[in-house]
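The values are calculated or read from the model by the stated rules, or taken from the named source; none is laboratory data. Just so we're clear, the structure is a prediction, and the values are computed from it rather than from any experiment. Glycine also receives a Cβ, built like all others from the backbone with ideal geometry; neighbour counts cover every protein chain displayed. Remember, those area values only see protein heavy atoms, side chains included, never the ligands or the DNA or RNA. Shrake-Rupley method; radii C 1.70, N 1.55, O 1.52, S 1.80 Å.
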Amino acid sequence: MTTDVKTSKTARPVLVLHGGGGPATVAGLAQHFSSTGAPTIAPVHPGWDGTPRPDWCTGIDDLALTYLHLLEDNDLTDVVIVGSSLGGWIAAEMAVRDNAGRVGGLVLIDAVGIHVESEPITDFFALDPRAAAEYSWHDPDRFYADPATLPAEELARRQGNMTTMRLLAGDPYMHDPKLMRRLGRVRQPALLVWGESDRIVTPEYGAAYAKAFGNGRLEVVPEAGHLPHVEQPDATFALIDAWLRA
């Protein structure tokens, strides 16, 4: 992957990584950072939304290395990586592999990626669309979309994304067994933002994630589920902006 990134002398670069739902789920995040003047990169992961997936891309570690190479190729340093759900997992894997010191900070939003014995990750593949909405949103009626009402193109996009996610993150399910013990070596500050009503990965899971980092902190967003930046964008952006200023 090659991306032309315009640099700035005043604002830290931001890499925004989407989750299993695809790039549309982080469009608001990317727009928010761009509006602040930060050079913002928001790639589409290989295999999502119809993009080609190379044969060698078979795991989350491959995506992590791909994006580290992207930072290196564009000579970017002090980069803030903002990852939602699966994107947060990619961000964490990038941090433990960042031997060149290009990552300046992490914002993980309801991220998966570690195993917490007392807080298992809900098997998203086993949920029907209505149950997926119930587990993902504080207000599921607001965001639930009946598959019968969706255009064929949208159904195909969603099914393609799920197929890719199952391939890259289905076994072991949504985590790297080695990641949790490696996070203690990550010294860059990490903000973990969590929706209070998330039932895919609970706030208790988020607390364990934050504790695993060498310098992690958890902030919980009320009246939000797995995508607080979509359900409660103002509150989520305010938390992230305050943390970046600090």
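In the list Ala145, Ala100, which residue meets the criterion of being modelled with pLDDT under 95 and not in a helix (DSSP H, G or I)?
When all the criteria are applied, what remains is Ala145.
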When you go through Leu68, Leu63 one by one, which is the residue that is under 21 Å from Met180 (Cβ atoms), open to solvent by 10 Å² or more (accessible area, probe 1.4 Å) and in a helix (DSSP H, G or I)?
-> Leu68
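Quickly run through segment 152-192 and pick out the residues that are charged (D, E, K, R) and assigned to a loop (DSSP other than H, G, I, E, B).
If the condition is that a residue be charged (D, E, K, R) and assigned to a loop (DSSP other than H, G, I, E, B), then Asp171, Asp176, Lys178, Arg187 are the ones that fit.
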How about segment 95-114: which of its residues are more than 21 Å from Ala11 (Cα to Cα) and surrounded by 24 or more Cβ atoms within 10 Å (Cβ to Cβ)?
-> Ile109, Asp110, Ala111, Val112, Gly113, Ile114
Kindly establish whether Arg97 is on the phi < 0 side of the Ramachandran plot, in contact with a Pro (Cβ under 7 Å, 6 or more places away or on another chain) and not hydrophobic (A, V, I, L, M, F, W, C).
-> no
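Okay, residues lined up against (1) touching a strand residue (DSSP E or B) at 6+ places or on another chain (Cβ under 6 Å); (2) touching a residue at least 12 places away in the same chain (Cβ under 8 Å); (3) under 12 Å from Val112 (Cα atoms):
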site	(1), (2), (3)
Leu179	yes, yes, yes
Arg185	no, yes, no
Trp194	yes, yes, yes
Ile200	no, yes, yes
Glu204	no, yes, no
Gly214	no, yes, no
Gly225	yes, yes, no
Pro233	no, yes, no
Ala242	no, no, no
Taking the options Trp56, Trp89, name whichever one is surrounded by 14 or more Cβ atoms within 10 Å (Cβ to Cβ) and either under 14 Å from Leu168 (Cα atoms) or at pLDDT 95 or above (or both).
-> Trp89
Has segment 207-224 got any residue that is under 15 Å from Ser136 (Cα atoms), assigned to a helix (DSSP H, G or I) and modelled with pLDDT of 95 or more?
-> no
